[in-house]
Amino acid sequence: MTEARVFQPTLTICTSANEVAIAAAKTFADAIRQNPKTVLGLATGGTPIATYQELIRMHKEDGLSFQSVTTFNLDEYIGLSADHPKSYRMFMQQELFDHIDIAPQNTYVPDGLADDVVAFSKAYESMIQDSGGIDLQLLGIGSNGHIAFNEPGTSAQSRTRKIGLADETIKNNARFFEHLNDVPTTAITMGVGTILEAKRIVLLATGESKADAIRCAVGGKVDPECPASFLQTHPDVTLIVDKAAAAGL
Ligand code: PGA
């Protein structure tokens, strides 16, 4: 196998998490204004919430329209229905979709209750392709270096599929649930290969708990033990991080 070419991601270091959100939202708003039919890849978790709030503000105050935008979310917990309060579909409705003018039928989130996850995953990949592919993908990063739910050990070629969540991920995500035992242990996630097909990628990270992961993602070698390091094989990646997350660089 030939070694993949490695690129230097663009790095923007902001003084605060709020600045990260403003810079990220501006990147997304610019993309939408340039191409109103843009296809976005979206992420859940604590990090993008402030970015979504800024996009909502831009919609309400600056006339930013999502009317012709299509979105694909990275992942969903297996076993949670779309209307479960902790599902990622519900997260997206509450944190973004319910507050903007996006057409509901243009918002895709994997189905956590799919009977046949293999067939569903294939269909999700086809829907992304049929949309023309993702123009701009938003990512967070796990403290263990995961992107979407691609946990350490994931290959660069991985596609949308079922995955078991790492213990560290379950512990980190327990803050969104009442009890640790309530956190689902499996999910459907886009693969690293799926993510790398996006035309542009923007990864956000804030706080010192992400410093090691950011160091592995940007400064380390390309290694399946840090799935975010595969982003070095993509020619158009921007990392927008605060000082705390950049502390290891
Ligand atoms: P967080 O999660 O934004 O809640 O820190 C990021 C991730 O796990 O990808």
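Odds and ends about this structure:
- Where residue 91 falls short, out of the listed (1) hydrophobic (A, V, I, L, M, F, W, C); (2) more than 16 Å from residue 176 (Cβ to Cβ); (3) in a helix (DSSP H, G or I): (2)
- Residue identified as over 17 Å from the mean Cα position of the chain (by Cα), in contact (Cβ under 8 Å) with a residue 40 or more places away in the chain and away from the ligand (no atom under 16 Å from the Cβ) among 100, 32: 100
- Test: residue in segment 103-115 that is among the hydroxyl-bearing types (Ser, Thr, Tyr), buried (at least 19 other Cβ atoms within 10 Å of the Cβ), away from the ligand (no atom under 16 Å from the Cβ) and more than 14 Å from the chain's Cα centre (by Cα): yes
- Count - residues of segment 178-195 that are part of a loop (DSSP other than H, G, I, E, B), within 15 Å of the ligand (Cβ to nearest atom) and either acidic (Asp, Glu) or under 14 Å from the mean Cα position of the chain (by Cα) (or both): 2
- Selection status of residue 63, among the small types (Gly, Ala, Ser), within 26 Å of residue 169 (Cα to Cα) and modelled with pLDDT of 95 or more: no
- Scanning segment 216-244 for residues that are within 16 Å of the ligand (Cβ to nearest atom) and free of Cβ contacts under 8 Å to residues at least 40 places away in the same chain gives a single hit, 244.
- Meets criteria (surrounded by fewer than 19 Cβ atoms within 10 Å (Cβ to Cβ) and not in a loop (DSSP other than H, G, I, E, B)) for residue 175: yes
- Just one of the listed residues (71, 44) is at pLDDT 95 or above and within 13 Å of the ligand (Cβ to nearest atom), namely 44.
- Pick from segment 54-71, criterion under 18 Å from the mean Cα position of the chain (by Cα) and either in a loop (DSSP other than H, G, I, E, B) or free of Cβ contacts under 8 Å to residues at least 40 places away in the same chain (or both), ranking: surrounded by the most Cβ atoms within 10 Å (Cβ to Cβ): 69
- Failed condition for residue 163, given (1) in contact (Cβ under 8 Å) with a residue 40 or more places away in the chain; (2) touching a strand residue (DSSP E or B) at 6+ places or on another chain (Cβ under 8 Å); (3) surrounded by 15 or more Cβ atoms within 10 Å (Cβ to Cβ); (4) over 22 Å from residue 40 (Cβ atoms): (1)
Results for (1) more than 20 Å from residue 202 (Cα to Cα); (2) more than 13 Å from the ligand (Cβ to nearest atom), shown as yes or no for each residue.
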site: 133; (1), (2): no, yes
site: 139; (1), (2): no, no
site: 148; (1), (2): no, no
site: 151; (1), (2): no, no
site: 162; (1), (2): yes, yes
site: 171; (1), (2): yes, no
site: 176; (1), (2): yes, no
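- Filter pass, residue 36 being surrounded by 19 or more Cβ atoms within 10 Å (Cβ to Cβ) and part of a loop (DSSP other than H, G, I, E, B): no
- For the condition in a strand (DSSP E or B) and either modelled with pLDDT of 95 or more or loosely packed, with under 13 Cβ neighbours inside 10 Å (or both), residue 76 qualifies.
- Residues that are closer than 14 Å to residue 205 by Cα, in a helix (DSSP H, G or I), of a type outside the set (A, V, I, L, M) and in contact with a helix residue (DSSP H, G or I) (Cβ under 9 Å, 6 or more places away or on another chain), drawn from segment 5-33: 18
The values are calculated or read from the model by the stated rules, or taken from the named source; none is laboratory data. The model shown is predicted, which means the values in this text are computed figures rather than measured ones. When we count neighbours, we look across all protein chains shown, and the Cβ atoms used for this are built from the backbone with ideal geometry, even at glycine.
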